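Single-structure report; data block below.
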Amino acid sequence: MSVTLWLILGVVVGIGFFLAATKMKLSWYEWLLAVLGTLLVLFAIQNYGASRLALESRAAGLLLVMFGLPGVILAAVGFALPWMRARKAG
Amino acid sequence: MTESLTRREFMKEFGKMGAAAALVPMVVAGEQMSDKPAGLQRPAFIKEVDQPTTEVDWAKVERLAEGERTVRRQFAKYVGQERVDKLSEIQKANMDKYLKEDKPGYTLKDWALQSASGGGAAPRKFFLDPESVRTPEALGVPKWSGTPEDAAMIITAAARHLGAATVGFVELDTNTTEKLIYSKDPDGKEMKILDVDAPAEDDASRTIPKKARYAIVYTVQMSEETMTRCPTHLGAQTTSLTYSRSQNIQERLQRFLMGLGYMALGESSTNALGIAPALGVMSGLGELSRYNRLLTPEYGSMVRVFKMLTDLPVAPTKPINAGLLEFCKNCTKCADHCPSKALSFEKEPTWEVKGGWNNAGHKAWFEDATKCRSYWYETGNNCGICFAVCPFASKNLASFSRVRNYLTATIPAFDGTLKKIDDLLYTPYTEFGKPQKDPEEWWRLNLPDYGISTDQSVRMTS
Ligand code: B12
Ligand code: SF4
Ligand code: SF4
């Protein structure tokens, strides 16, 4: 089940990047932001799950926010900028 | 994968997958496989060094008579009998009050568990009667033989299987590490090191044959979930349980070594034979820290340390530098939280001892052990807050702790920030002198065997 969860996450991330690569035009720095952001989100998810297992729910929540929030922002900027450009052009 | 995974198992698997992902950059950053046996491998960022991070002036180190010097044996000598009597009265009154008012951590069930934890263990013996062991001689075969590296490998595997967490080895040298063996054991018996063939014991002394040159040093895990409930009976209970577990490990390891045809000289009573944290440092199990005890990269502070001597030649393991002592310079968390203010706040460790209970000749953050021991009368047991609050006491499941260990070993500039993050994550509301976690809550938790995590492979930091 847990393996399945990481598998699902992998597939979602994979599809996201595949779509970005084929359907959108990302500049080098947008790629950088998207990859960095995604890595941070995955790191946050691992820390959240593992801290819950370690019975440290406060640490779990804080680590999720500490790494997840900047991750989401970076990834969002990385993917949103080219998407908005595409919409404007379209 | 089985279909009926419990929530715990699920979360564990979930955690491991992510930890594996988080490992990738560190492999790139220099982790490597070495030709050492798996049981002795460590990530490359934990540096093996020729000299320990603790400075030692071996000429000044003298073998210590434990029973005559330490605070656990000579408390009255240091503070006076009158003070001991006064403290004993306080203890009696506190214990009576706490039990009757059902104070969390001191309820009847906590008392019961505490006294249960100390039971069921093999008695400690300096050496076992050879008649009671199946030796190669009795089996009519030659002794086990192999290289010192093979010996290190099989002893590590056996000790781990019998319950040890990490294992290291020191080859005793008369002018240096031999001085870490007590000159007198806790019971006052003289510890002679003589050129004889077999160990011996009489009413006044124990004899260690000079050829028993190899010290096997091993850690045994304590439970963070209990230690974070210190200072209470529930909290102190992990100390008792680890001691009783270690007694069984000692006896079984003695049987193993004798079964190979070699000597196995253990602790004749709790904590006898030698200075455990010092041997821990010299065998590279960890570094000496501000709380003046061993701090390990694998389990942080959550270990007790034990030792045994053998004549089976074993390849020594080197001291390490994992950035831990350096970290302590920028972290005073244990000292800040110590209810008796026994620990040092100095930035650097010093050569000057605090009292007769310390042994000169090494640079340390020496503690005022009389303050610590006095406080235990108030708690009616022991304490251990210093161990519980240490940033390295976390369970290491979250990959952030792996990053923390990596940064600690490689970029000391981050030490202060890492300490602040730890404060925020684990102890933002911890009240001075109070348990970090609610003792009553402990009874409702779903914890692994002995309250420790044994799925961590040898010498891995996550
Ligand atoms: C006596 C003793 C105490 C006394 C105080 C020490 C004293 N000096 O009187 C009291 C009873 C107060 C005490 C308290 C505690 N103790 Co105590 N204690 C011991 C004991 C039995 C003897 C240590 C000794 O001989 N010290 C006397 C001299 C040597 O002390 P020192 O000069 O200050 O040196 C210390 C360090 O600098 C280092 N050291 C000494 N020489 C050298 C040389 C070199 C080269 C190096 C690198 C290091 C080094 O080791 C010494 C440890 O005390 C050991 C078991 C053992 N056999 O080692 C456990 C032991 C050290 N204690 C331990 C623990 C856990 C505690 C407590 C947390 C209580 C608890 N819940 O269990 C507290 C912590 C207090 C603190 N932070 O200061 C553990 C530490 C585990 C670890 N990770 O290192 C030990 C090893 C017991 C065990 N079997 O695991 N302890
Ligand atoms: S055991 Fe408690 S009193 Fe003793 S040094 Fe540690 S925190 Fe202080
Ligand atoms: S709490 Fe801080 S200063 Fe104390 S031993 Fe741990 S890392 Fe070192």
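Indicate, rounded to the nearest 5 percent, the antiparallel portion of the DSSP beta bridges found entirely in the protein assembly as shown. Spell out each step's value before the answer.
Numbers: 25 of 31 bridges.
So the antiparallel bridges amount to about 80 percent of the total.
Whole angstrom only: what separates the Cα centroid of region B:51-70 from the Cα centroid of region B:76-136?
28
Which of the residue pairs B:363/B:420; B:184/B:363; B:210/B:318; B:86/B:307; B:192/B:371; B:77/B:419 have a Cα-Cα distance greater than 31 Å in the structure shown?
Among B:363/B:420; B:184/B:363; B:210/B:318; B:86/B:307; B:192/B:371; B:77/B:419, the Cα-Cα distance tops 31 Å for B:86/B:307; B:192/B:371; B:77/B:419.
Distances longer than 16 Å among the Cα atoms of chain A: what percent of all pairs is that? Write out the running numbers ahead of the final one.
Working: 2351 of 4005 pairs.
Above the 16 Å cut-off, chain A has 59 percent of its Cα pairs.
Between residue B:192 and residue B:147, with labels modelled 7 Å along Cα→Cβ, what's the label distance in nm to one decimal, could you check?
3.9
Can you run the Rg to Rh ratio on chain B? Use alpha carbon positions and the Kirkwood inverse-distance Rh.
Working: Rg = 22.0 Å, Rh = 23.1 Å.
Radius of gyration over Kirkwood radius for chain B works out to 0.95.
Using modelled backbone amide H atoms (1.01 Å from N, in-plane), which distant-in-sequence or interchain residues come within less than 5 Å of residue B:268's amide H?
Correct list: B:273.
Return the calculated 222 nm mean residue ellipticity for the protein assembly as shown, to the nearest 500 deg cm²/dmol, obtained by summing -39500 (n - 2.57) across DSSP H runs with n ≥ 4 and dividing by the residue count. Before the final figure, lay out the partial values.
Numbers: 20 runs with 259 residues, N = 552.
About -15000 deg cm²/dmol.
In whole Hz, with x marking every Gly and Pro, tabulate ³J(HN,Hα) for region A:77-85 from phi via Karplus 6.51 cos²θ - 1.76 cosθ + 1.60, θ = phi - 60°.
Calculated HN-Hα couplings, in order: 5, x, 8, 6, 4, x, 5, 5, 4 Hz.
How much of the accessible area of region A:3-89, probe 1.4 Å, is carbon plus sulfur, in whole percent?
Details: 4010 of 5060 Å².
Of all accessible area on region A:3-89, carbon and sulfur atoms account for 79 percent.
In whole angstrom, how long is each semi-axis of the equivalent ellipsoid of the protein assembly as shown, when you take the square root of 5 times every eigenvalue of its Cα gyration tensor and sort them from largest down? Show your work: numbers first, answer last.
On the way: eigenvalues 397, 166, 102 Å².
So the equivalent ellipsoid measures 45, 29, 23 Å along its semi-axes.
Name the long-range amide H neighbours of residue B:54: under 5 Å, sequence gap of 5 or more, or other chain; modelled H, no Pro or chain starts.
Close amide H contacts, sequence-distant or interchain: B:288.
Describe numerically, in nm with one decimal, the distance between label points set 7 Å from Cα along Cα→Cβ at residue B:350 and at residue B:326.
That separation, rounded to one decimal, is 2.5 nm.
Under a 1.4 Å probe, what is the accessible area of region A:26-88 per residue, stated in Å²?
On the way: 3300 Å² over 63 residues.
Normalised by residue count, the accessible surface of region A:26-88 is 52 Å².
Please enumerate, by chain and number, the aspartates and glutamates with C-alpha under 18 Å from the C-alpha of residue B:97, excluding those fewer than 8 residues away in the same chain.
Straight-line reach from residue B:97, under 18 Å: B:89, B:110, B:378, B:440.
Using DSSP loop states and a limit of at most 14 other Cβ atoms within 10 Å to flag chymotrypsin sites (Phe, Trp or Tyr not before Pro), what is the longest stretch of chain B containing no flagged site? List each step's numbers first, then the result.
On the way: sites that count: B:345, B:351, B:429, B:432, B:443.
With a cap of 14 other Cβ atoms within 10 Å, the longest stretch comes to B:1-344.
Determine ³J(HN,Hα), in whole Hz, for all residues of region B:369-379 in sequence, where each value follows from phi through the Karplus function 6.51 cos²θ - 1.76 cosθ + 1.60 and θ = phi - 60°; x replaces Gly and Pro.
Once rounded to whole Hz, the list reads 5, 5, 5, 4, 5, 4, 4, 4, 5, 5, 7.
Note the buried accessible area between A and B here, summed over both chains, with a 1.4 Å probe, in Å² to the nearest 100.
Numbers: alone 6510 and 21170 Å², together 25280 Å².
Approximately 2400 Å², summed over both chains.
Simple spin-label model, 7 Å along Cα-to-Cβ: residue A:5 to residue A:22 in nm?
Between residue A:5 and residue A:22, the label points sit 3.0 nm apart.
Near residue B:92, which lysines are there with a Cα under 17 Å away, not counting those fewer than 8 places off in the same chain?
The qualifying lysines are B:100, B:103.
Kindly identify residues of region B:372-398 having a loss of at least 30 Å² in accessible area between the isolated chain and the assembly of all protein chains, probe radius 1.4 Å.
Output list: B:395, B:397, B:398.
So for region B:182-235, considering every pair of alpha-carbon atoms, how many percent are separated by more than 14 Å? Can you show the working numbers first?
Details: 970 of 1431 pairs.
Summing the P(r) tail past 14 Å for region B:182-235 gives 68 percent.
Going from most exposed to least, what order do B:197, B:57 have by accessible area with a 1.4 Å probe?
Values: B:197 120, B:57 50 Å².
Of B:197, B:57, the descending order of accessible area is B:197, B:57.
Kindly report the accessible area of chain B per residue (heavy atoms of protein chains, probe 1.4 Å, no ligands, DNA or RNA), in Å². Present the calculation step by step, with values, prior to reporting the outcome.
Working: 20000 Å² over 462 residues.
I get 43 Å² per residue for this part.
When all protein chains stay in place, what accessible area (Å², nearest 10, 1.4 Å probe) is found for residue B:374?
Taking all protein chains as shown, residue B:374 has close to 20 Å².
Can you grab the distance from the C-alpha centre of region B:374-401 to the C-alpha centre of region A:33-56, Å, no decimals?
Here the answer is 26 Å between Cα centres.
Just checking the output field for A:56-68: average partner chain Cβ neighbours within 10 Å of each residue's Cβ?
Counting Cβ atoms of other protein chains within 10 Å of each residue's Cβ and averaging gives 3.
The values are calculated or read from the model by the stated rules, or taken from the named source; none is laboratory data. The structure displayed is predicted, hence computed values, not measured ones. Note: ideal-geometry Cβ built from the backbone for every residue, glycine included; neighbour counts use all protein chains shown. Just so you know, the surface numbers come from the protein's heavy atoms only, side chains and all, with ligands and any DNA or RNA stripped out. Shrake-Rupley method; radii C 1.70, N 1.55, O 1.52, S 1.80 Å.
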